[in-house]
Amino acid sequence: LAVGRISRDPSLDLGHRLDYVILQEECETPRALVRFIDFGKLSSAFIGPLNPGFCEVATHLGENWNKAIFSWMCINYKLDSTIRHPAFARTLPSPTQVLFTIMKYFKWAHVGIIASNEDIWMYTAKELATMLRNHGLPVGIVTSVHKGEKGIEDTWNKIKEVNDIKIILLCMHSVLIGGQEQAALLTKALEMGLADGRYIFVPYDTLLYSLPYQNNSFSVFDNDSKLQEAYDAVLTITLESGERTFYDAFREAKESGEIIRDLEATEVSPLFGTIYDAIYFMAMAMDSARRKGVRASGANIAEHTKNFSFPGFSHWVETDSCGKGLNNYVILDTDGHGNQLFPTHLLDMSSGSVLSLGQAIHFPSKVPPKPDSSCWFDPDVLCTEG
């Protein structure tokens, strides 16, 4: 869809015909890396990789091949150094920066991270912990979910042993788009009395796409009062979609005959929109480089991602004068009963500020977890006991 639209876009002058090849990324990180090495001759630029575990090595390879890498999944902040990594560009704001800004606003510093036991999510959790620790935050535990009901119970027992945790990041597929593991994890937390408001659960993967919440009910909550109640302890952070939701944009593309697959919008992961935007983002960079008369090398394309503004799949995509994404995010909450999510706060990425939208967060115990000392968020102050 993206490549088709780019080729028909009169505002873009790429000087090349754009085509794509889908490169199958192995699930296990070492094998994915070995496979990536074979991709060097297959394409002129990369959208990916999906596994944060080998982002840095993939970026080094891309530089060596003189090919740009456009990624929404990579976490490592070192990749943002244009001097060290001139061929790397983010197509979304850094997920850790989004989390850090929100944690600072609520003063929740002590973190626990639970990952699905798939390689991609375990590496996501590991990289995320490293990044948050680099920000000076105390990450008390990083663990993965063990198989079966007993395994899930063991995971929560491990979390209980760690003092002071306020926020638990869930690195796995969101229950809102079919993540069964997250559903089982949250239901077990409720049964063990851990969804009583002592912790705030934050799904990680919704940071990577625009979850359609306006005028949308989530059928996963229907006839499941336990999951409804458990989700009251969850705050969902996702890309703000603007006037149209992902579902609206998908239906429009289907009605216009651009998408011919017989799929309902609700059967498609909103990650579709993120991938579409990443491909368009790359085309915008190629166009910008060409207009400035520079050769379309990897570093030159990645360098020309500044001061963008273009219509993405379901919302505007913008970057600042450094090439950083300015997409806004919303915090969504439920009331513990219904099947809808409501926006409570907006994260304005241009100013790095969190703004209340006038709807209070509904906490399970009516009050939020006790805030941590603000010293955790001050890079010039050392936190001492108490």
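The values are calculated or read from the model by the stated rules, or taken from the named source; none is laboratory data. Just so we're clear, the structure is a prediction, and the values are computed from it rather than from any experiment. Quick reminder, even Gly has a Cβ in these numbers, built from the backbone with ideal geometry, and neighbours come from all protein chains shown. With ligands, DNA and RNA removed, areas are computed over all heavy atoms of the protein, side chains included. Shrake-Rupley method; radii C 1.70, N 1.55, O 1.52, S 1.80 Å.
On the basis of being open to solvent by less than 10 Å² (accessible area, probe 1.4 Å), of a type in the set (A, V, I, L, M), within 22 Å of residue 286 (Cβ to Cβ) and assigned to a helix (DSSP H, G or I), does residue 79 make the cut? Answer is yes for this residue.
The listed residues are 68, 32, and the only one of them that is within 25 Å of the chain's Cα centre (by Cα), in the same structural domain as residue 273 (by the TED database) and within 22 Å of residue 292 (Cβ to Cβ) turns out to be 68. Show the residue pairs meeting these rules: Cβ distance below 6 Å; 6+ apart or different chains; first residue within segment 333-348 and under 16 Å from residue 364 (Cα atoms); second residue among the polar types (S, T, N, Q) and open to solvent by less than 20 Å² (accessible area, probe 1.4 Å). So the pair list comes out as 333/344; 341/334. The condition of being in a helix (DSSP H, G or I), of a type in the set (Gly, Ala, Ser) and touching a helix residue (DSSP H, G or I) at 6+ places or on another chain (Cβ under 6 Å) does not hold for residue 112. Filtering 289, 302, 285, 278 for residues that are out of contact with any strand residue (DSSP E or B) (no Cβ under 9 Å at 6 or more places or on another chain), of a type outside the set (D, E, K, R), buried (at least 21 other Cβ atoms within 10 Å of the Cβ) and under 30 Å from residue 83 (Cβ atoms) leaves a single hit, 289. Could you list, in sequence order, the residues of segment 35-51 that are in contact (Cβ under 8 Å) with a residue 40 or more places away in the chain and not small (Gly, Ala, Ser)? Residues satisfying the conditions are 47, 50, 51.
Of all residues in segment 242-265, those satisfying the criterion of being open to solvent by less than 90 Å² (accessible area, probe 1.4 Å) and not aliphatic (A, V, I, L, M) are 242, 244, 245, 246, 247, 248, 250, 252, 254, 256, 257, 258.
Condition check: in contact with a helix residue (DSSP H, G or I) (Cβ under 7 Å, 6 or more places away or on another chain), farther than 25 Å from residue 292 by Cβ, open to solvent by 90 Å² or more (accessible area, probe 1.4 Å) and part of a loop (DSSP other than H, G, I, E, B). Does residue 27 satisfy that? Answer is yes for this residue. Among all residues of segment 60-72, there is at least one that is part of a helix (DSSP H, G or I), without any contact (Cβ under 8 Å) to a residue 60 or more places away in the chain and in contact with a Gly (Cβ under 8 Å, 6 or more places away or on another chain).
Taking only pairs six or more apart or across chains, which ones have beta-carbon atoms under 7 Å, a first residue in segment 21-34 that is without any contact (Cβ under 8 Å) to a residue 24 or more places away in the chain, and a second residue that is open to solvent by 90 Å² or more (accessible area, probe 1.4 Å) and assigned to a loop (DSSP other than H, G, I, E, B)? Listed pairs, sorted by first residue: 21/42.
Can you spot a residue in segment 89-99 that is open to solvent by 60 Å² or more (accessible area, probe 1.4 Å) and either at negative phi or charged (D, E, K, R) (or both)? Write out each step before concluding.
Of the residues in segment 89-99, the ones open to solvent by 60 Å² or more (accessible area, probe 1.4 Å) are 97.
When the remaining residues are screened for being either at negative phi or charged (D, E, K, R) (or both), the result is 97.
Yes, segment 89-99 has at least one match.
Filtering 289, 302 for residues that are in the same structural domain as residue 74 (by the TED database) and touching a residue at least 24 places away in the same chain (Cβ under 8 Å) leaves a single hit, 302. If you go through segment 372-386 and keep only what is open to solvent by 80 Å² or more (accessible area, probe 1.4 Å) and in contact (Cβ under 8 Å) with a residue 60 or more places away in the chain, you end up with just 379.
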